[in-house]
Amino acid sequence: MSVTGRTVRESLAWRAFRPITALLLVVASGIAGFVSLAGIGPIEAAFWLIDPASISVHYQARAGDGRQVKAFATVVFVSLVLAGGWIGETVLTAAFGGRMREGIERMQTKRAIDELDDHVIICGYGLFGRTVARRLREQGRPVVAIERDRDTFGRIDTESVFAVEGDARDESVLHEAAIRDADAVVAAIDDSNANIQIAITASGIAPDVRLVVRVGDDDYTSVARRAGADEVVIPEVLSGEDVSDSL
């Protein structure tokens, strides 16, 4: 079992603890009350909880009305319904509440992205992508980050950057990032082939968008250019030049 799966199950069990405890208390109180008020055994009292009609049958056979017992039974059965509803609500909320919240947040983000114009799409939010995004935000430019890794996506600061979860090589993901209205796309993944594929897909959807493609070495430069890159960046080379300049 994965850590995430175990955590979800532990969370669900902890949330369900109180309503289940409440249900058990109602059952125990009901059995004790029937035993005390009707003078029956615990097994028959438990059966009354399962089959309320048995209460009327019991008093018909004994020529009594059992009003006090029936009033108590009404309270017990209402409490059972409430406790059962509490359990159901807790389980549903724990199981699906996170997904619903994510869906709502995604819809809100999509609506905000659709209103953007001349934004920059950064594909891959690793160290390089984050650095580019930070500099752009310092310049006041809107940024949409696309990231497919779940953990990395969860660490994106959505207060300053719009986030889209998915693979930037997928046309639908680029459309979700509103590529047709973007000023530029930065393929920032630490994978030259993936970045070139992003460039091919992006240029096919929005031929006029500016494409900046990250590659690992000069061998990929010509390929990236043919894929539609307007600018090819080799971070390691730039870093080396910065160090040499500082010396």
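Ligands, DNA and RNA are left out, and with a 1.4 angstrom probe the accessible area of region 146-194 is 51 Å² per residue. Extension gain, residue 217 to residue 91: 0.36 nm times the residue separation minus the Cα-Cα distance gives 40.1 nm. Along the Cα-to-C-beta direction of residue 117, a point sits 7 Å from the Cα; which residues of region 176-192 have their amide N less than 16 Å from that point? Flagged as within label range: 178-184. Computed from the Cβ-Cβ distance with R0 of 51 Å, the FRET efficiency linking residue 54 to residue 152 stands at 0.25.
Packing here is the average count of other Cβ atoms within 10 Å per residue, and on that basis the peptides 22-29, 198-205, highest first, run 198-205, 22-29. Here, region 54-210 has an Rg and a Dmax of 28.0, 91 Å when only alpha carbons are counted. Close amide H pairs (under 5 Å, H built 1.01 Å from N) link residue 210 with 184, 185, residues at least 5 positions away or on another chain.
Would region 135-247 count as rounded, prolate or oblate if I go by the C-alpha gyration tensor, calling it rounded below 1.5 in a/c and otherwise prolate when a/b exceeds b/c, oblate otherwise? Because a/c hits 1.5 or more and a/b fails to exceed b/c, region 135-247 counts as oblate.
From the largest down, region 148-193 spans 27, 26, 17 angstrom on the principal axes of its Cα atoms. Taking 0.36 nm per residue of separation and subtracting the Cα-Cα distance, full extension of the segment from residue 47 to residue 237 would add 60.4 nm.
Ranked from largest to smallest solvent-accessible area, with a 1.4 Å probe on the protein heavy atoms, 131, 90 come out as 131, 90. With each label modelled as a point 7 angstrom along the Cα→C-beta vector, the residue 108-residue 77 pair spans 4.4 nm.
The values are calculated or read from the model by the stated rules, or taken from the named source; none is laboratory data. This one's a predicted model, so the numbers in the text were calculated from it and none came from an experiment. Because the Cβ atoms are built from the backbone with ideal geometry, glycine has one as well, and the counts that use them run over all protein chains shown. For accessibility, only protein heavy atoms count, side chains too; no ligands or nucleic acids. Shrake-Rupley method; radii C 1.70, N 1.55, O 1.52, S 1.80 Å.
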